[in-house]
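These notes are about the structure you will find just below.
Bear in mind that the values in this text are calculations on the coordinates, not laboratory data. Note that the structure is predicted; figures quoted are calculated from it, not measured.
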Amino acid sequence: MMANDCPHAGTLLESLASGRWPDSSPAELRQHVASCAVCADLLLVAEALLDDRRESQPLTNVRPSGAVWWRMQMRERAEENARAARTVQQAHGAIIVATVIVAAAVLSVTSLAKTVWSWLWSLSTAMPALPDLPAVTITPALLVAASGSLAALAFVALFLAVARE
Amino acid sequence: MNTSTVPGVFTLSKEAIDATAEGVSRMDEETFRAFYDRTARPLWLYLSRITGDRQLADDLLQDAYYRFYRAGDAYESEHHRRNALFRIATNLARDAYRRRHGTTEAPLTDGISPVESRSGAVETRTDLTRAMARLKPEQREMLWLAYAHGSSHQEIAEITGVTRASVKSLLFRARQQLASILRSGRIAP
């Protein structure tokens with residue numbers, strides 16, 4: 001039981017809880033409680049708390065269970081809506097950021113490709129000793145197509161990442 | 001400890017325990033309402049006594065049931081389910097207390113409001129309420145659970161998050177302190 005600090009504490013507590021204390025309790029227990037400080041404390045405290053609960057509980061007014069259930073459903077729905085709205089907001093933000101990043105990447109790649117191509121071109125013209133290399137013709141259209149594919153792939157990857165969230 | 005064997009303290013019947021023993025991931029309305037009807041009054045009283053504030057107890061009660069429902073865990077038995085509910089309520093009360101007082105160590109100094117009674121025991125209960133207010137929140141929790149609610153040491157440990165070994169000594173000290181306050185007559189009117 002609750003208190004084992006005195007061997008009789010458990011018996012006293014059960015006697016209190018069952019309503020047998022004091023009249024229907026054994027005389028030995030009553031005599032012991034009268035002379036035991038631990039049991040005297042226990043009796044004072046447990047009796048006060050138990051009486052408080054017994055008298056107050058029937059007078060306690062709580063909301064009806066149906067009203068509580070309904071309010072819980074409303075609250076749950078509101079929280080789910082708020083969560084969905086937050087997710088959509090985050091997805092919009094992510095798409096805007098992704099668009100900016102991809103646009104910057106395309107511009108950078110285009111400008112870098114031009115530089116690299118010019119450098120390769122000058123290198124190839126400066127190396128006549130390698131006449132057997134296959135001729136590679138990179139047109140601006142090919143460059144734009146490659147960049148576009150890269151951007152499309154980046155979009156798809158970002159979309160999948162956001163959609164998974 | 002078989003809680004259904006102590007009349008006057010425990011109100012759960014064996015049938016009620018068995019009826020709700022099969023845990024589901026989320027309670028349906030009928031199960032929830034039956035569980036609420038069995039537990040709301042004891043839980044409200046517990047919250048009211050440990051916070052000393054009836055309005056706060058109302059709010060915490062709603063919140064505790066909502067969080068319990070949302071947690072959606074399956075429980076082995078009615079006892080586990082009830083302990084889980086009381087644990088949630090205890091944590092909410094501690095959070096509320098911390099928000100109000102900045103710590104859970106200080107005793108209550110405000111919001112003491114004894115429940116009205118038909119009998120002439122109001123004075124005695126006011127004394128008890130004021131005496132309880134001088135204790136730390138953890139002491140109030142343990143005393144109420146042990147002596148008003150009839151919880152075992154193990155159940156108190158589960159609800160309060162204190163180890164079972166500590167419950168015994170903490171409860172003993174809290175009981176001594178409350179008895180001393182009640183006897184001393186130092187309770188301000």
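Points to keep in mind about this one:
- Over the stretch B:129-189, volume per residue of the alpha carbon convex hull, in Å³: 69
- Cα-based helix-to-principal-axis angle, A:37-56 vs chain A, degrees rounded to 10: 70
- Helix A:65-125 vs. chain A, principal-axis angle (Cα, 0 to 90°, nearest 10): 20
- Stokes-Einstein D in µm²/s, Kirkwood radius over Cα pairs - chain A at 25 °C with 0.890 mPa s viscosity: 97
- Estimated vicinal HN-Hα couplings, Hz - the stretch B:90-96 in sequence order (Karplus 6.51, -1.76, 1.60; Gly, Pro = x): 4, 5, 5, 5, 5, 4, 4
- Taking each DSSP H run with n ≥ 4 as -39500 (n - 2.57) and averaging over every residue of chain A yields -26500 deg cm²/dmol at 222 nm.
- Residues whose placed amide H lies under 5 Å from that of A:Trp21, excluding near-sequence neighbours: A:Leu16
- Rotationally averaged projected area of the stretch B:26-106 (alpha carbon convex hull; nm²): 5.3
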